[in-house]
Structures are given as C-alpha cells and as structure tokens.
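*Asks:* Can you keep this structure in mind? I'll have questions shortly.
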Amino acid sequence: MKRIGVVFGTRPEVIKLFPLIKVMEEEKDIELKIIFTGQHKEMAEDLFPVFQISPNYSLNIMKEKQTLSEITERILEKLDKILMKERFDLVLVQGDTTTTFVSSLVSFYYKIPLAHVEAGLRTHNRYFPFPEEMNRTLVGKLATLHFAPTEIARENLLREGVDEKNIFVTGNTVVDAVLKILEMNRRPLFEIPNHRKLIVVTAHRRENWDKGLKNIALSIKEIALKFPEEVYFVFPLHKNPIVREKILPIISNLSNVKIVEPLNYVDFVHLLKRSFLILSDSGGIQEEIPTLQRPMLLLRDETERPEAIESGFVFLVGTKRERIVNEAIKIIKNGWKPRVKNNPFGDGRASERILKIIKEYLYGNI
C-alpha cells in the first residue's frame, strides 16, 4: 500500500484535481489523504459536496488582509506538521498557487517525491502573472514527476534542464473535469432576454487591480450601451472587495448587465456553454473553452497558454479599453469560427494517464 498526499487550496486546484482524486480513490493499493489549506476557503469548499471530496485536513490559513509572505508562512508552519507525521510516499500538487509552491518546498525538506500536475506553463516574465509565474518555475525545480499538459509545456521544462525521463505529456485534467460536468443536467440559472447574445465576464487577477479592472468595466459599459438590444452580459463578480470597488460603480446600473455572486463550478460551466462570447482575465477558462467551443477575449497582456491562441479560441487583447471594445464588436457583428477542430488541451483522459504513471513510479517501473 502506497500513501499519497494531495494538497490544494484554491477553487481552480479543486476543479483540476477532482477527476484525478476520483480515479485514485478507486485504487485498492493507494491510500489517499487530502489536505486543504483554505487559500480560497469559501469558493473551494462550495465544490466539495458537488465533487464528493472530503479533506482529511483543513488548515484554515486565511485571515483578512494577509500578505503573500504571511500566507506562505502559515501554510508552511501547518503543512510541516502534517508531512512530518504522515511521511507520504508521494505528494501531489497542481498548478501555480502559493499552496502549490509551499507544499513543494515542504515536501523537498522531508525528501518526499513530488508530482506536479500542469507542469511547464510559462510566460517567461517572472512578474506576470504574479506570483504564479515564479511559483511554478520554482515548483519545476523541486518536482520529481512533471505532468505537462501540452508539448509546449514539455519544451519549456526541457529548456530549464528538467530530465526528459521525468516529463510526461498527459493533456490537461480540466478537460476531464469539463466533460464530466457537461454530463450533469442543469436548468439555466438566468433567462436571457429576447434571445440576446450572452457575454460572460470574469475579472479578478491581481495584476489588473490597478487600472485594468476599471478599463474592463468601462469596456463593458461601452459595449452594453452600443448594443442595448443585441447583447446581455452576465458577470459573476469575485468576492474580493478590491475587485468590487473597481467594477460596481461603473456597470451596476446598466439594464443589460447582470451582476451575480460567484457561481458554483457546475453552473458556471453550463453558463459558459450557453454563451456567445467570453471576456476574462482567467487562466483556467482559456483551457476550458476549447471543450465548450466558444471564443474568448483574454484581458491580459501575456499568456502561458499559447495553444489557446494558436487554435483560434482565445484572442489576447490586454486591458486597453479601445482594444477590448473593438475586438468584441468584430465578434458580435461577424461571428467566429475556431482555426482547428481538435482540443489543444487534451481528450479527457489526462487523469487516467497520470494515475498510470504514478503507479509505475511508486512500484518501481520507471
């Protein structure tokens, strides 16, 4: 019996790990322990009953107005005690959060092999996205098994000196997650008036807190006023007060903009499936929309997922008001078609591939 610790703390990590957790739970020769740091406590915990996940440990590390250093310190202190006690055969992490980085560091201190899901994503700009780019770069130095979602991610790791024997191109587990969720029947949460074109918006990234969020809000306002009878915005607004202070004063009174509280992931995926266009600064949504076959304007200046752009699903537009408005108008007026039919992020079997490789590693076959 091999013992694996899975550590996560945010909503995107839960989404991308749940298909893998489910296949690992079915294995009789694996004892799985789930550790939840609580980095995005409410938004992540809402998913536990949906995905039937029950953490063995909940660290509750968040306090109001913590700095990144304080979050790091609290995770490190609490996780240290758990890894000292449990002595796992393998620790598994996902992505590029502070939880992921600290878990990797503590695992290194205890000489526990580390598996990194979604390895190799890079913008090659250490401050963008911040702090995620540096987090995942450092995790790349600490990981034992690197599960790269695409060939581009694999090439990034090779350039950084990772041994090719330890890199495995598996596809992205988010494709597994979206396909499972689309199988769940859901009634539409919102009626879209007069069959208007639905535009879904999300925005929350730290690097947009300065001018970016205001420009995004002003862009929405301009598009909404230009097409009052043609488009209808739904904006699930992040709970962060900084985000709300920037967004709400500009768009809260527009008749064709509906502001809603953050949706559970199942409802959100079904909302995206109904959409005509998506405006977002999210990393994860870039990976979801090829499965959903929808276009997205990416409200960032750089992306670590060039595959989404090359395949024609994502348009990198930044946060300048004029660019956002012009690109949105093109799609509203002319429609859109992807450049490719195949999903650049996989076929929905990434979790199966990752489990197979983990078992081969733990039982000495690699």
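*Asks:* Inside region 296-329, can you point out the residues that are outside any loop (DSSP other than H, G, I, E, B), among the charged types (D, E, K, R) and either within 22 Å of Ala148 (Cβ to Cβ) or within 20 Å of the chain's Cα centre (by Cα) (or both)?
*Replies:* Matches in region 296-329: Glu307, Glu310.
*Asks:* Would you check which residues across region 90-104 are under 16 Å from Tyr57 (Cα atoms), under 15 Å from the mean Cα position of the chain (by Cα) and either at pLDDT below 95 or not hydroxyl-bearing (Ser, Thr, Tyr) (or both) and list them?
*Replies:* Val93
*Asks:* Looking for whichever is modelled with pLDDT of 95 or more, assigned by TED's automatic domain parsing to the domain that holds Arg305 and part of a helix (DSSP H, G or I) here; the options are Ile220, Ile247, Ile278. Which one fits?
*Replies:* Just a single option satisfies the conditions, and that option is Ile220.
*Asks:* Give the residues of region 186-209 that are in a loop (DSSP other than H, G, I, E, B), at pLDDT 80 or above and of a type outside the set (A, V, I, L, M), sorted by residue number.
*Replies:* Hits for region 186-209 are Glu191, Arg196, His204, Arg205, Trp209.
*Asks:* Scan region 167-190 residue by residue and report those that are surrounded by 17 or more Cβ atoms within 10 Å (Cβ to Cβ) and free of Cβ contacts under 8 Å to residues at least 60 places away in the same chain.
*Replies:* Scanning region 167-190 gives Ile167, Val169.
*Asks:* Considering Arg11, Arg74, Arg87, Arg3, which residue is of a type in the set (D, E, K, R), farther than 22 Å from Ala143 by Cβ and either modelled with pLDDT under 95 or in contact with a helix residue (DSSP H, G or I) (Cβ under 8 Å, 6 or more places away or on another chain) (or both)?
*Replies:* Residue meeting the stated conditions: Arg11.
*Asks:* Could you list all residues from region 330-343 that are β-branched (Val, Ile, Thr) and either assigned by TED's automatic domain parsing to the domain that holds Asn208 or not in a loop (DSSP other than H, G, I, E, B) (or both)?
*Replies:* Ile331, Ile332
*Asks:* Would you call Leu83 in contact with a Gly (Cβ under 9 Å, 6 or more places away or on another chain), over 18 Å from Thr10 (Cβ atoms) and not aromatic (Phe, Trp, Tyr)?
*Replies:* It is true that Leu83 is in contact with a Gly (Cβ under 9 Å, 6 or more places away or on another chain), over 18 Å from Thr10 (Cβ atoms) and not aromatic (Phe, Trp, Tyr).
*Asks:* Starting from region 229-247, take each residue that is closer than 17 Å to Asp281 by Cβ and touching a residue at least 12 places away in the same chain (Cβ under 8 Å) and list its partners that are of a type in the set (D, E, K, R) and part of a helix (DSSP H, G or I), counting only C-beta distances under 7 angstrom and pairs at least six apart or across chains.
*Replies:* If the second residue must be of a type in the set (D, E, K, R) and part of a helix (DSSP H, G or I), the pairs left are Leu237/Arg244; Lys246/Lys214.
*Asks:* Are any residues in region 228-244 more than 16 Å from Arg321 (Cβ to Cβ) and either in contact with an Asp or Glu (Cβ under 6 Å, 6 or more places away or on another chain) or not in a helix (DSSP H, G or I) (or both), and if so, which ones?
*Replies:* Pro228, Glu229, Glu230, Val231, Tyr232, Val234, Phe235, Pro236, Leu237, His238, Lys239, Asn240
The values are calculated or read from the model by the stated rules, or taken from the named source; none is laboratory data. This one's a predicted model, so the numbers in the text were calculated from it and none came from an experiment. Virtual Cβ from ideal backbone geometry, glycine too; neighbours counted across all protein chains shown.
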